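Quick notes on the structure that follows.
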Amino acid sequence: MKFYDRMKSTRIDADETQQQIADELGITRQQYQLYESGKRSFPIDLLPVFCSHYNVSADYILGLKQGLSWPRP
């Protein structure tokens, strides 16, 4: 699953529209739709806002393994 698919499923699971999350991110619905469809890259500076809004980790959205440690050996 691609990160934008995780974004979409997270939004749908929260019963929110694209307009609602776009308003939270301070962008237009059209911009958000392009991010969620994978047609444009999602700006990294919006990732913390998205994750905080939905109470999910950036690791989950990005599809990283759980339990990664830092610093890595």
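Read-outs: derived from the displayed coordinates by stated rules, not from any lab. Quantities reported herein were computed from a predicted structural model and do not represent experimental measurements. Heads up, the Cβs are rebuilt from the backbone with ideal geometry, glycines too, and the neighbour counts pull from every protein chain shown.
For the range 35-51, residues that are under 10 Å from the mean Cα position of the chain (by Cα) and under 19 Å from ASP13 (Cα atoms) total 7. In the range 1-70, counting only helices (runs of 4 or more DSSP H) that sit wholly within it, the ones holding 3 or more residues that are crowded, with 17+ Cβ neighbours inside 10 Å, of a type outside the set (Asp, Glu) and touching a residue at least 40 places away in the same chain (Cβ under 8 Å) span 3-13.
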